[in-house]
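Undergrad: Here it is, the structure, as structure tokens.
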Amino acid sequence: MILNERFLVQINDGLSEIAACGNAVAYDREYGIAAVMYNTGNHGHYGESTGKICLSVFAPSQPHNCRRRVADTGVGESRGCLCNAVYPIGGGRFRIAFTLTKGDIAGYYRDYDLLADSFTERREMFFRTAKGDERLCSETYRSYLKDRGYPINSTEEPIINKVTAFDGRLYTAVSNDGWNYPVLCTIEDDVIVPFAIFPELNTYEFRFYADGSGIYGVTRIPPDDHGTGHCAYVRSADGGKTWEKTVFDDGVQSRPDILSYRGKPLVIYNYKSDLSTENMPPMHNHRNAVKFVHDGKVILDVFSKYGIVEHETIVIAGELYSAFSNCPLALSTENGKAWEEEGHPVEQGKEAVQWIKVGYIG
């Protein structure tokens, strides 16, 4: 199925926000407002942008009436932060969780007040260990794993992944930007509280949700003999002690997503699309095509010539909505140099943030 571009609405500022990636989506049911958070970069800093954090807020059915705000991290706009999580905390407030990647490397957050249209100051996130509530940083994350028999070599900064809710509690996974063992956690205000470890090496993108029947997760697993990463769907029925795993055949090159839809897991992932597709421009790692797999069955297979990258999907009133990055006009570069594959410049798909109502899929 070809994605109908007419139904896409760009929700970032294409004039000042030249690169855009790392989308995270939240919805405040009380106020009926959606929030999409993403990293962006200025001229000269394209592609894998980690410059500054931007937030777009709007009614889901009216993305054209979008309010865009910048959450200053205090460390400059060039490769300074990573943000993967935004979530409502009540009273018309959204919490943005991010990690600084230079200077004081650790986890922080800022709250955005929808009614006052303002941000709180930057505040620290903490990680609960046997010693108490310590700063969320690479050392505390690695020490927690090492003490439990899961040492990792990577010293990259800890990343707070997608936040979900169940039975009045917030859930997330903490990992780092490398091969690691994701730590499953709940969130208590500004404290990340670990309760399980996924016992296999993964990329940093471990996403999960919990309900009364178990824990359902998705991640990228290490490359196979052909050098291709794969999407792995995992499930635990005993609180994270043991896991079942299903590996999808398609090679993947972007973060997968998972959510509960109509009481069943919905896995969404990019896959290497058919290179013979008509009018398909060169796209980095062929990140043009996405599959929606509901309870093990493919219910949507969508392709966009402009790319579908850094996607996240949410359920609002029974309907599916997605935000993702693509590149309808620009040619991706990294610090001014065009990205090339097989001798040809390629579009990377991280210049615009688009919002679309996918709708109800039966």
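Laboratory data are not the source of any read-out in this text; all were calculated from the coordinates shown. All of these numbers come straight from a predicted model, not from anything done at the bench. Cβ atoms come from the backbone with ideal geometry, glycine included; neighbour counts cover every protein chain shown.
Undergrad: Could you compute the FRET efficiency for Ala130 and Lys245, with r as their C-beta to C-beta distance and R0 at 25 Å, rounded to 0.05?
TA: So the FRET efficiency works out to roughly 0.30.
Undergrad: For a quick check: sort Met1, Met125 by the number of other beta carbons within 10 angstrom, fewest at the front.
TA: Ascending number of Cβ neighbours within 10 Å: Met1, Met125.
Undergrad: Where the only charges are on Cβ atoms (+1 Lys, Arg; -1 Asp, Glu), what is the dipole of segment 5-359 about its Cα centre, to the nearest 20 debye?
TA: Dipole size: approximately 520 debye.
Undergrad: Further question on the same structure: Anything over 26 Å Cα to Cα? Flag those among Lys162/Lys264; Lys297/Lys357; Lys102/Lys357, in the order listed.
TA: Lys102/Lys357
Undergrad: Right, something else. Under 10 Å, Cα contacts only: if you run a Gaussian network model on the chain, which one of Glu310, Glu200, Glu17 comes out with the highest mean-square fluctuation?
TA: For the chain, modelled as a Gaussian network with Cα springs under 10 Å, the answer is Glu200.
Undergrad: Still on this model: Within 13 Å, Cβ to Cβ, of Asp133, how many net charges do the neighbouring residues add up to if Lys/Arg are +1 and Asp/Glu are -1?
TA: After counting each charged neighbour, the total is -2.
Undergrad: While we're on this one: Considering only Lys272, Lys245, Lys52, give the residue with the highest GNM mean-square fluctuation for the chain, with springs between Cα atoms whenever their separation is below 10 Å.
TA: Lys245
Undergrad: Now for a different question. For all pairs of alpha-carbon atoms in segment 5-359, what percent lies in each bin of width 10 Å, listed from the first bin to the last filled one?
TA: 5, 26, 37, 26, 6, 0
Undergrad: Here is a further query. Under 22 Å Cα to Cα from Lys146, which lysines show up? Leave out anything in the same chain fewer than 8 places away.
TA: Hits, sequence-local ones excluded: Lys131, Lys241.
Undergrad: If you don't mind, there's one more thing I want to ask. Defining a contact as two alpha carbons under 8 Å apart and six or more residues distant in sequence, what relative contact order in percent does the chain show?
TA: About 14 percent, as a whole number.
Undergrad: Among all the aspartates and glutamates, which ones have a C-alpha under 20 Å from Lys305's C-alpha, if same-chain residues fewer than 8 places away are not counted?
TA: Correct list for Lys305: Glu5, Glu48, Asp250, Asp274, Glu278, Glu340, Glu341, Glu342, Glu347, Glu351.
Undergrad: Please give me the summed charge of the neighbours of Gly349: other residues whose Cβ is under 10 Å from its Cβ, Lys and Arg +1, Asp and Glu -1.
TA: Summing Lys and Arg as +1 and Asp and Glu as -1 gives -1.
Undergrad: Using the basic label-point model (7 angstrom from Cα toward the beta carbon), what is the Ile316 to Trp179 distance in nanometres?
TA: Placing both labels 7 Å beyond Cα along the Cβ direction yields 4.0 nm.
Undergrad: Highest GNM mean-square fluctuation, the chain, Cα pairs closer than 10 Å: which of Lys102, Lys146, Lys305?
TA: Of Lys102, Lys146, Lys305, the most mobile in the Gaussian network model is Lys146.
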